[in-house]
1. Highest mean first, how do 118-127, 89-98 rank when packing is the count of other Cβ atoms within 10 Å averaged over residues?
2. Going highest first, how would you order 56-64, 37-45 by mean Cβ packing within 10 Å?
3. Enumerate by residue number the GluC sites (Glu not before Pro) in segment 112-190 meeting two conditions: DSSP loop (anything except H, G, I, E, B), and at most 11 other Cβ atoms within 10 Å of the site's Cβ.
4. In whole Hz, with x marking every Gly and Pro, tabulate ³J(HN,Hα) for segment 70-77 from phi via Karplus 6.51 cos²θ - 1.76 cosθ + 1.60, θ = phi - 60°.
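No lab work stands behind these numbers, since they all come straight from the coordinates. Given the structure is predicted, the values throughout are model-derived calculations rather than measurements. Backbone-built Cβ (ideal geometry, glycine too); neighbour counts: all protein chains shown.
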Amino acid sequence: MRARAVAAALTAVLVPATPAAPAASAEPVAAEGRPYLYLEGPPGTVLQDTLSLTNPGRRPLTLRLRATAPWVAFAANPVTVPPRTRADVPFSVTVPPDTPPGDHTGALLAKGGTGGDVTVPVRLRVGGPRLAALTVEDVRITGEAIHYTLVNRGNTVLEPRLAVRAEGLLGEVLHRPERPLRLELRPGRR
């Protein structure tokens, strides 16, 4: 399986058992404010973690779990969470031996009943040499605007910052200080 397919692999969604029931929730076990699951290991290993499913409703809630990658396995599926309780579901991620090093993202999905879905993002860091490589392509200037494409050619997630400087015959004609771009650029993305 290619790394990009692996990277887009993990997604968790929870839905109430009845339309009137409060929405269930999912989060990493011992989350302490963590908005996502984080796993790290070399290619060819099996990584383990636990997903916590909460049912605030008055009836049992049965959830079907799935991942967007075939290399994720849940200890139990489907999972029935009793009313007003939490169920911790262990899962494993088998990192394929040919997975290139770097950062990969995805999410775990849990689904059941009707209503809205809840997603738990997953970040996977595969060990090995890391390469941060950003290219600026297709630069065009139209009037007062500068158009460009950023491409992440490395194997790590980047949060680019932008500074613009231009020189003409008489010296510097444009200088914009560095600023964050408010985007996360995954490997291979533009």
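1. 118-127, 89-98
2. 56-64, 37-45
3. Loop-located and lightly packed - 144.
4. Working through the residues one at a time gives x, 8, 9, 10, 9, 5, 9, 6 Hz.
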